[in-house]
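Shown next, in structure tokens, is the structure this report addresses.
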Amino acid sequence: MDEVKMPVENIIEMKNICKRFNLEAGFFSSFGKFVYAVNDVSISIRRNSSFGLVGESGCGKTTTARLAVRMYNPDSGSIIFNGVKNNRMDVLTLKGPELKSYRRRVRYVFQDPARSLNPRMNIYRILTDGWRWSDVWPGEKKAREKAAAILEEVGLSPDNLDRRPADFSGGQRQRISIARGLLMEPELLICDEIISALDVSIQGQILNLLIDIREKRGLSFLFIAHDLRAACYFCDRIAVMYRGEIMEEAPASDLYLTAVHPYTKMLFAAAAGKTSAGAGEGQGSSARHSGSEDFESSGAGCAFAGRCPGACGKCFAEKPPLVNLPAASLANGSHLVRCHFTGPGL
């Protein structure tokens, strides 16, 4: 493991990450047509902060999160993790015990607790089963004490340790999933759409719980969501994804007021229950290419051009770069946008 010192401001840096999948599936499917789930994405998460990754289903945000914990390996790019001891870790080179150690420091909370919690196990076994097979297992007595304390921290009674997931509501199951993620004392917690299946009132409770955990533990978050308003409430910084690319990235406190990309505006309008031009086209399939060519060979233009109400010939012919907005608008940090009609001098 590389011990070269690096700046400590960012706990993780993902640079120029690409991941493609074969467009067709199955044993007899042909090989050679691909879809880019993640296409040259770069994000950095500051220590003790929450970074939001927002977009429609299929835009690549979950794939990005899974690349961060090596559920998938990227086709290109780099992932650098900077732990509390300021040791630089090249995540893509980790193997065996080093990879296991990294995955204890970066934990993943899945979207659907009904599927991620084993219905045959009690809560104590669910919380500690992965820990039990690690090289830092403290024994049954200390593990049960810590599991009880973690359960209480997320707002549930320690008496629930011997119950099963079916005895709990959806919101309570999500608290159990969060508790499982916290048990190993991680430095970065990845929350993948963990409020999307909950009632609005329960969503607020879970978001407030995460805020309390961040303040208490100094934890960093990668927060995956499709609701921009919820992300703005919880996150410090937000990146908006479409077809595997970052369309806009800005401080959450500014994005609600200063969003400039048509897709970001569309998402805000959808969250508010308003209609927007082109909003109904391509829903749930933002990573797919709708023509006969594969996505890899059709990436010359802007990925959003087919749905953008203001698209022109240049948008279809030339891919816009991700650029900083003029300095006058950068009071709370950089504001990046990928559009031919925004940027310096425009």
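Kindly provide the set of residues from region 309-346 that are at pLDDT below 55, assigned to a loop (DSSP other than H, G, I, E, B) and more than 17 Å from Val240 (Cα to Cα), ordered by number. If the condition is that a residue be at pLDDT below 55, assigned to a loop (DSSP other than H, G, I, E, B) and more than 17 Å from Val240 (Cα to Cα), then Leu330, Ala331, Pro344, Gly345, Leu346 are the ones that fit.
Given the structure, is Glu215 out of contact with any Cys (no Cβ under 7 Å at 6 or more places or on another chain), open to solvent by 10 Å² or more (accessible area, probe 1.4 Å), in a strand (DSSP E or B) and of a type outside the set (S, T, N, Q)? The answer is no for Glu215. Pairing residues of region 65-83 that are at positive phi and among the small types (Gly, Ala, Ser) with residues that are assigned to a strand (DSSP E or B) and open to solvent by 10 Å² or more (accessible area, probe 1.4 Å), at Cβ distances under 9 Å and at least 6 apart in sequence or on separate chains, gives Gly77/Lys15; Gly77/Asn16; Gly77/Cys18; Gly77/Lys19; Gly77/Asp40; Gly77/Ser42.
Regarding region 219-227, can at least one residue be identified that is surrounded by fewer than 21 Cβ atoms within 10 Å (Cβ to Cβ) and in contact (Cβ under 8 Å) with a residue 12 or more places away in the chain? The answer is yes; a qualifying residue exists. With respect to Phe110, determine if the residue is touching a residue at least 24 places away in the same chain (Cβ under 8 Å), open to solvent by 50 Å² or more (accessible area, probe 1.4 Å) and of a type in the set (A, V, I, L, M, F, W, C). When the stated conditions are applied, Phe110 passes them.
Looking across region 84-107 at every residue that is touching a strand residue (DSSP E or B) at 6+ places or on another chain (Cβ under 7 Å) and open to solvent by less than 10 Å² (accessible area, probe 1.4 Å), the one that is nearest to Val54 (Cα to Cα) is identified as Val106. One residue alone among Gln203, Gln172 is without any contact (Cβ under 8 Å) to a residue 24 or more places away in the chain, surrounded by 15 or more Cβ atoms within 10 Å (Cβ to Cβ), of a type in the set (S, T, N, Q) and in a helix (DSSP H, G or I), and that residue is Gln172.
Determine, yes or no, whether Gly306 is closer than 24 Å to Gly60 by Cα and either surrounded by 18 or more Cβ atoms within 10 Å (Cβ to Cβ) or modelled with pLDDT under 50 (or both). The answer is no for Gly306. Being surrounded by 15 or more Cβ atoms within 10 Å (Cβ to Cβ) and under 25 Å from Ser201 (Cα atoms) is the filter here, so list the residues in region 130-160 that pass it. Residues satisfying the conditions are Ile150, Leu151, Glu153, Val154, Gly155, Leu156, Pro158, Asn160. Here Ala271 does not qualify as at pLDDT below 95 and touching a Cys at 6+ places or on another chain (Cβ under 7 Å).
A Cβ distance below 7 Å, combined with a sequence gap of six or more or placement on separate chains, defines the contacts here; from region 117-129, residues that are in contact (Cβ under 8 Å) with a residue 60 or more places away in the chain reach residues that are polar (S, T, N, Q) and surrounded by 15 or more Cβ atoms within 10 Å (Cβ to Cβ) in the pairs Leu117/Ser177. Here Ile195 clears all of (1) of a type outside the set (Gly, Ala, Ser); (2) crowded, with 18+ Cβ neighbours inside 10 Å; (3) free of Cβ contacts under 8 Å to residues at least 40 places away in the same chain; (4) assigned to a helix (DSSP H, G or I) except the condition numbered (4).
Conditions (1) under 18 Å from Tyr102 (Cβ atoms); (2) open to solvent by less than 50 Å² (accessible area, probe 1.4 Å); (3) modelled with pLDDT under 95, marked per residue:
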position: Glu24; (1), (2), (3): no, no, yes
position: Phe27; (1), (2), (3): no, no, yes
position: Phe31; (1), (2), (3): no, no, yes
position: Val35; (1), (2), (3): no, yes, yes
position: Ser50; (1), (2), (3): no, yes, no
position: Leu53; (1), (2), (3): no, yes, no
position: Glu56; (1), (2), (3): no, yes, yes
position: Thr64; (1), (2), (3): yes, yes, no
position: Ala68; (1), (2), (3): yes, yes, no
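For region 86-143, a residue qualifies if it is assigned to a helix (DSSP H, G or I) and of a type in the set (S, T, N, Q), and the qualifying residues are Thr93, Ser101, Ser116, Thr128. For region 113-129, the tally of residues that are surrounded by 14 or more Cβ atoms within 10 Å (Cβ to Cβ) and of a type in the set (D, E, K, R) stands at 1. Screening region 228-253 for residues that are open to solvent by 30 Å² or more (accessible area, probe 1.4 Å) and more than 22 Å from Ala197 (Cα to Cα) and picking the one that is modelled with the lowest pLDDT gives Ser253.
The values are calculated or read from the model by the stated rules, or taken from the named source; none is laboratory data. Here the structure is a predicted model, which is why all the values come from computation and not from measurement. All Cβ positions, even for glycine, are placed from backbone atoms using ideal geometry, and neighbour counts span all protein chains on display. Just the protein is used for accessible areas: all its heavy atoms, side chains included, with ligands, DNA and RNA removed. Shrake-Rupley method; radii C 1.70, N 1.55, O 1.52, S 1.80 Å.
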